[in-house]
Amino acid sequence: MFKKVLIANRGEIAVRIIRALRELNVQSVAIYSTADADAQYVKLADEAVCVGGPQPADSYLNMQNIVSAAVLTGAEAIHPGYGFLSENEEFAELCETCHITFIGPKPDTISLMGNKANARIQMQAGNIPVIPGSTGFLKDETDAVKVANEVGYPVMLKAASGGGGKGIRRVKNESEMREAYQSATKEAQLSFGDQRMYLEKIVAPAKHIEVQVFADRFGHVTAFPERDCSLQRRQQKVLELSPCPVMTPQERQHLQEIAIRATKTIKYLNTGTIEFLMDKEHHFYFMEMNTRIQVEHPITEAVSGIDLVKEQVRVASGEALSFDQEDLKPQGFAVEARVNAEDPSLDFMPQAGVVKQLKLPGGPGIRVDSGIQSGDMISPFYDSMIVKIIAHAKTYQEALKKLIDALDEFELDGISANQSFLEDLLADPIVQQGTATTDYVTKQFMAKFASHAIREVS
């Protein structure tokens, strides 16, 4: 086991990792920007090193400064969390060069799965079902039109190196393709430095289903109960559920078998998430793989009883998985809500400012992950998430009720948040049934929500 681990991240995920390291009796090193000098995670860590200014490029994306901090403090490993450098193969390679363990998969695996078009090719070679679409990269917009005509409109143009909803365009017909292709490639180049595109047929209606996988260096590969991440707004997840309320145990086992086969196909190490679309006949299609821990990992921990972050550290240090596939039967249901500093009345515009007072919910079956305390500043430089609230109960409906009550108990003074939006969404009949698909929030729920009086949080 490592003696000291550096966390190459900030906020609630840094707090989460520090607490896991404490339980493993491993010392923690935090990094921080000048904007985060007084952050909670900086105070919790055993050591902390400033790595640059408030702009991410100067600090949390500054690979040289982060690795230097690890070397100077004697950290044997780096946990990247999610976002920032967590899926950057160059950073993982730099860690290896400096004889620092990167807590995650190998650099070549990150590179392979980070390119969505290459990932499709790899999955096809492994006999994993993929969404109908292009093979490899599109040559140009003429090629995009040709492939779209073959698979049928509507289609989704996607950046090969994409993520976070950027470089993606929905195209309804051939006349829209030219403008969509040009704008998507431009956005992809600006966001990822890579303008290569691929194309997939839109499977609709569909659910967004993802499977947490875990593999050690001894050949043990496991797949956890699935997460239903269909409740999305602007291609960003809003609520996550586990397991999917409308899947049968037989379908779950089938999906886990597919996920395990996909994981073995690429000789994966440590944990990651394989994302699928499930159509109305409950057929599964591979979309992409995230080679890191996910924001929504707490709901998987709730229904499995496995601490994923501690397991990440153990596996990275050379230990075998502490559980078998037979141990991963879902235990009840869990739901996660992301409370963000954003104003629903202003089209969910991100908010910045001082959190004057913060009251967090509690009670049996409630977990709160946050890196914010009263008096903290919500910075305009980083993600707007304030807190994740997770409810775990015996049934799906009980978990929803627990989460609604927890959100009602949550209090925030000094800045606007999306609390009322989340409460209304959780109480929605379609969400209560568990049948919502990926387009439900945007196409149907938002119209209902807009008709309600929006509660201001002042």
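The values are calculated or read from the model by the stated rules, or taken from the named source; none is laboratory data. As the structure is a computational prediction, the values presented were derived from the model and not from experiment. Quick reminder, even Gly has a Cβ in these numbers, built from the backbone with ideal geometry, and neighbours come from all protein chains shown. Side chains included, ligands, DNA and RNA excluded: accessible areas come from the protein's heavy atoms. Shrake-Rupley method; radii C 1.70, N 1.55, O 1.52, S 1.80 Å.
Once fully extended, how much extra length lies between Q433 and M446, figured as 0.36 nm per residue of separation less the alpha-carbon to alpha-carbon distance?
Length gained, Q433 through M446: 2.9 nm.
Rolling a 1.4 angstrom probe over the protein heavy atoms, how many square angstrom per residue are accessible across region 255-389? It would help to have the intermediate numbers written out before the result.
Working: 5010 Å² over 135 residues.
Result: 37 Å² per residue.
Report the extension gain between D108 and K267 in nm, rounded to one decimal, defined as 0.36 nm multiplied by the number of residues separating them, less their alpha carbon distance. Walk me through the numbers before you get to the answer.
Values: separation 159, 0.36 × 159 = 57.24 nm, distance 1.05 nm.
Full extension of this stretch gives 56.2 nm more.
What list of ³J(HN,Hα) couplings, whole Hz, do you get for region 218-227 from phi and the Karplus terms 6.51, -1.76, 1.60, once you set θ to phi - 60° and write x for glycine and proline?
Those phi angles translate into 9, x, 7, 10, 10, 9, 8, x, 5, 10 Hz.
Can you list residues from other chains, or at least 5 along the same chain, whose modelled amide H is less than 5 Å from the amide H of E288?
Residues meeting the amide H criterion: E275.
For C244, list long-range residues whose amide hydrogen, built 1.01 Å from N in the peptide plane, is under 5 Å from its own amide hydrogen.
Sorted by chain and number, the residues that satisfy this are E226, D228.
State, as an integer percentage, the relative contact order of the chain based on alpha-carbon contacts under 8 Å between residues 6 or more apart.
About 14 percent, as a whole number.
What nm value, rounded to one decimal, do you get for the distance between E179 and I121 when each label is placed 7 Å out toward the C-beta?
For the pair E179/I121, the computed spacing is 3.3 nm.
Can you give the charge dipole size of the chain about its Cα centre, rounded to the nearest 20 debye, using +1 on the beta carbon of Lys and Arg and -1 on the beta carbon of Asp and Glu?
460
Step through the residues of region 239-246 one at a time and calculate ³J(HN,Hα) from phi using the Karplus curve (6.51 cos²θ - 1.76 cosθ + 1.60, θ = phi - 60°), rounding each to whole Hz and writing x for Gly and Pro.
For region 239-246, the Karplus-derived couplings read 10, 10, 10, 8, x, 5, x, 10 Hz, x marking Gly and Pro.
Net charge near L44, counting Lys/Arg +1 and Asp/Glu -1 over other residues with Cβ under 9 Å of its Cβ? List each step's numbers first, then the result.
Numbers: positive: R19, R22, K43; negative: D46.
Net of charged neighbours comes to +2.
Read through the labelled values [x] 17, 44, 33, 6, 0; [y] 24, 60, 15, 0; [z] 22, 59, 19, 0 and report the label of the one computed as P(r) over Cα pairs in 20 Å bins from 0, in percent from the structure.
[y]
Placing +1 on the Cβ of each Lys and Arg and -1 on the Cβ of each Asp and Glu in the chain, which of Y396, Q312, Y153 has its Cα farthest towards the positive end of the resulting dipole?
Checked the options; the winner is Y153.
For region 71-165, with every protein chain kept in place, what is the accessible area per residue (1.4 Å probe, Å²)? Let's see the in-between values first.
Details: 3870 Å² over 95 residues.
Value returned for region 71-165: 41 Å² of accessible area per residue.
Using only the alpha carbons, work out the radius of gyration and Dmax of region 81-214 in angstrom.
16.1, 53
Measuring from label point to label point, each 7 Å out along Cα→Cβ, what is the E257 to V151 span in nm?
2.6
Check cross-link reach from K158 to the lysines: straight Cα distance under 24 Å, and skip same-chain residues fewer than eight apart.
Those lysines meeting the cut-off are K116, K139, K146, K166, K172, K186, K201, K207, K237, K280, K443.
Starting from the Cα of E409, step 7 Å along the direction of its Cβ; do the same at R217; then give the gap between the two resulting points in nm.
Calculated label separation equals 4.3 nm.
Only Cα pairs under 8 Å and at least 6 apart count here; give the relative contact order of region 143-226 as a rounded whole percent.
Rounded, it is 28 percent for region 143-226.
What are the ³J(HN,Hα) couplings of region 408-422, residue after residue, when phi is run through the Karplus curve with 6.51, -1.76, 1.60 and θ = phi - 60°? Round to Hz, x for glycine and proline.
My calculation for region 408-422 gives 5, 7, 5, 10, 9, 10, x, 7, 7, 9, 8, 4, 5, 4, 5 Hz in order.
Where in the chain is the longest stretch that carries no trypsin sites (Lys or Arg not before Pro) classed as loop by DSSP and with at most 15 other Cβ atoms within 10 Å? Walk me through the numbers before you get to the answer.
Values: sites that count: K3, K139, K172, R217, R234, K267, K280, K356, K394, R455.
Answer - 4-138.
For the chain, which whole-number percentage of the solvent-accessible area (1.4 Å probe, protein heavy atoms only) is attributable to carbon and sulfur atoms?
Details: 9170 of 18670 Å².
Carbon with sulfur: 49 percent of the solvent-accessible area.
For F91, what is the net charge nearby, where nearby means another residue's Cβ is under 13 Å from its Cβ and Lys, Arg count +1, Asp, Glu -1?
Details: positive: K106, R292; negative: E87, E89, E90, E93, E96.
Summing Lys and Arg as +1 and Asp and Glu as -1 gives -3.
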